[in-house]
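The values are calculated or read from the model by the stated rules, or taken from the named source; none is laboratory data. Here the structure is a predicted model, which means the values were calculated and not measured. As a convention, Cβ positions derive from the backbone with ideal geometry for all residues, glycine included, and neighbour counts pool all protein chains shown. Side chains are part of the model used for accessible areas, which takes the heavy atoms of the whole protein and leaves out ligands, DNA and RNA. Shrake-Rupley method; radii C 1.70, N 1.55, O 1.52, S 1.80 Å.
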Amino acid sequence: MARKIQAIRGMNDILPGQTSIWQYLEAKVADVVNSYGYDQIRFPIVETTDLFKRGVGETTDIVEKEMYTFDDRNGDSLTLRPEGTASCVRAADQAGLLFNQVQRLWYVGPMFRYERPQKGRYRQFHQIGVETFGMSSPDIDAELIILSARLWQALGLLEHVELELNTIGTAAAREAYKAALVAYLTQFKDELDEDSQRRLGTNPLRILDSKDARTQEILNDAPDLADHIDDESRQEFERLKEILTSNGIAFTVNSRLVRGLDYYGKTVFEWVTTHLGAQATVCAGGRYDGLVEQLGGKATPAVGFAMGIERLVLLLETLELIPSEAKSQTDIFIVSMGDAAELATFTLAERLRDADKGWRILRHCGGGNFKKQMKKADASGAKFTLIIGDAEIEESICQIKDMSTGEQKNCVIDAVADYLSTKEQN
Ligand code: ATP
Ligand code: MG
């Protein structure tokens, strides 16, 4: 036998039993974002490597070690998108959608990062992202957070996630803070974890994110980012908190929350959960007023967030929050005996589909004896089984078996759709 070819490590198939959960989640998101007036945008999975180098930042984890980058046949360096924000900005700006305009956009799709695969962390994973442009005041930051809270509510997740907020100020404020932080941490350089030692020279803010216990201990006495925030950012942050509070959205301010991508400034936030182990963040975002200009466009304020679909699906599964209607379920199963009856099942099935009731109708294929067919009907989980044999054809009827009660009755073919829809309503 030929050797079977396996999927690439960290890149998962989403199998039939799972796709209905994904569709359920995606449909909820589409409803919620639509109710806030957001429009979907779609952009390619592959972009020039420069977009992410410039957009995400040369010293971020993503660009330093996580990108799938390759030369195409032309020798151009291309990268599988590791995130959506840079691509969204590129696409919207290229289409002239940004300058002097307000945009509320969202997207969904696969992202690629060369990370160590584990629960909740994969090499191909999927994000739903929401990005807004042209609005500089914190009411839009608040709107995005309220929108995400509505989504958690719709999914039954609101009590299982917590909002963490911070402001990381303007670029100037961060520079001043970086200098103070580096001066402090340099005294303990040898005691920091390896990544943090390296980041001291490249991206010191990221050290605040370190999971290393000794590094965190050292950080306890480090200068506080909050003490270095500029007045404008501080005021906007106060306003954001005020709007959230008046909307009943609970949050904690986490002054060590900085986010891993260079483009953020001012507001940053994460929704975290205690149910997924180390992969705790299900949704993360913030303000990135500098990015459009950094990518060659005209200065445009922007704020957005992205959530990881795999982590949300895991969370829904862990908490058993997937409603039964989210799982695809057969409504009607049709069996027959003999060639003429088989032909009649096609007509009947198409008729029922014409009724447009959203039923999932399975016609048994391939014949076989009656007992076997009824076993298939049982296994399908159908609510009703329709049976046609020679006798039924004679009279233009079929038998309807209610699978929950076992009750069986005859019904004129013309009346089957009406009969089933009345039954369904009861
Ligand atoms: P983390 O700290 O978990 O690595 P991140 O800061 O790199 O996350 P973002 O780039 O902000 O994450 O992406 C937003 C969301 O996308 C995350 O909160 C998470 O839900 C999801 N996500 C990010 N990387 C992965 C991955 N490798 N596998 C699955 N989901 C991911
Ligand atoms: Mg990451």
> Measuring with a 1.4 Å probe in the full set of protein chains, what accessible area per residue, in whole Å², belongs to the range 252-352?
Replying inline: 38 Å²
> Can you run phi through the Karplus equation (6.51, -1.76, 1.60; θ = phi - 60°) for the range 411-426 and list ³J(HN,Hα) in whole Hz, with x for Gly and Pro?
Replying inline: 8, 5, 3, 4, 9, 4, 4, 4, 4, 5, 6, 5, 4, 5, 6, 7
>> If amide hydrogens are placed 1.01 Å from N in the peptide plane, which non-local residues have theirs closer than 5 Å to the one on residue 68?
In response: 80, 114
> Summing -39500 (n - 2.57) over the DSSP H runs of n ≥ 4 in the chain and dividing by its residue number, what mean residue ellipticity at 222 nm do you reach, to the nearest 500 deg cm²/dmol?
Replying inline: -11500 deg cm²/dmol
> Taking GluC sites (Glu not before Pro) as exposed when DSSP calls them loop (any state but H, G, I, E, B) and at most 11 other Cβ atoms lie within 10 Å, what is the longest stretch of the chain free of them, the sites themselves excluded?
Replying inline: 1-319
> At a Förster radius of 25 Å, what calculated FRET efficiency corresponds to the Cβ-Cβ distance of residue 293 and residue 176, to the nearest 0.05?
Replying inline: 0.70
>> Apply the Karplus curve 6.51 cos²θ - 1.76 cosθ + 1.60, θ = phi - 60°, to the phi angles in the range 378-389 and return the couplings in whole Hz, x for Gly and Pro.
In response: 4, 5, 6, x, 4, 7, 10, 10, 9, 10, 10, x
>> 5 Å is the cut-off here: which amide hydrogens, built 1.01 Å from N in the peptide plane, fall below it relative to residue 333, excluding neighbours closer than 5 in sequence?
In response: 362, 384, 385, 386
> Near residue 151, within a Cβ-to-Cβ distance under 10 Å, what is the net charge of the other residues, with Lys and Arg +1 and Asp and Glu -1?
Replying inline: +1
> All other residues with a Cβ under 13 Å from the Cβ of residue 11 taken together, and with Lys, Arg as +1 and Asp, Glu as -1, what is their net charge?
Replying inline: +1
> Local charge sum around residue 140 (other residues, Cβ-Cβ under 12 Å, Lys/Arg +1, Asp/Glu -1)?
Replying inline: -2
>> Contact order normalised by length for the range 57-121, with contacts defined as Cα pairs under 8 Å and 6 or more residues apart; what percent is it?
In response: 35 percent
> Leaving out same-chain residues fewer than 8 places away, which aspartates and glutamates sit with a Cα under 20 Å from that of residue 401?
Replying inline: 331, 342, 350, 378, 390, 392, 414, 418, 424
> Under a plain spin-label model, where a point goes 7 Å from the Cα along Cα-to-Cβ, how far apart in nm are residue 346 and residue 423?
Replying inline: 2.5 nm
>> Which one, 14, 341, 30, projects farthest toward the positive side of the charge dipole computed for the chain from Cβ point charges (K/R +1, D/E -1)?
In response: 341
>> I need the shape label for the range 329-425. Rule: rounded when a/c is under 1.5, else prolate if a/b > b/c, else oblate, with a, b, c from the alpha carbon gyration tensor.
In response: rounded
> Quick one: length gained pulling residue 26 to residue 73 fully straight, 0.36 nm per residue minus the C-alpha distance?
Replying inline: 13.4 nm
> Taking trypsin sites (Lys or Arg not before Pro) that fall in a DSSP loop and have at most 11 other Cβ atoms within 10 Å as cut points, what is the longest piece of the chain between them?
Replying inline: 74-210
> Taking the DSSP beta bridges in the range 329-425 as the whole, what percent of them are antiparallel, to the nearest 5?
Replying inline: 55 percent
>> So for the chain, averaging the separation of alpha carbon pairs under 8 Å that are six or more residues apart and normalising by length, what relative contact order in percent results?
In response: 15 percent
>> If you average the alpha carbon positions of the range 302-345 and of the range 400-416, how far apart do those two centres end up, in angstrom?
In response: 25 Å
> Which whole-number percent gives the relative contact order of the range 209-362, counting Cα pairs below 8 Å spaced six or more residues apart?
Replying inline: 13 percent
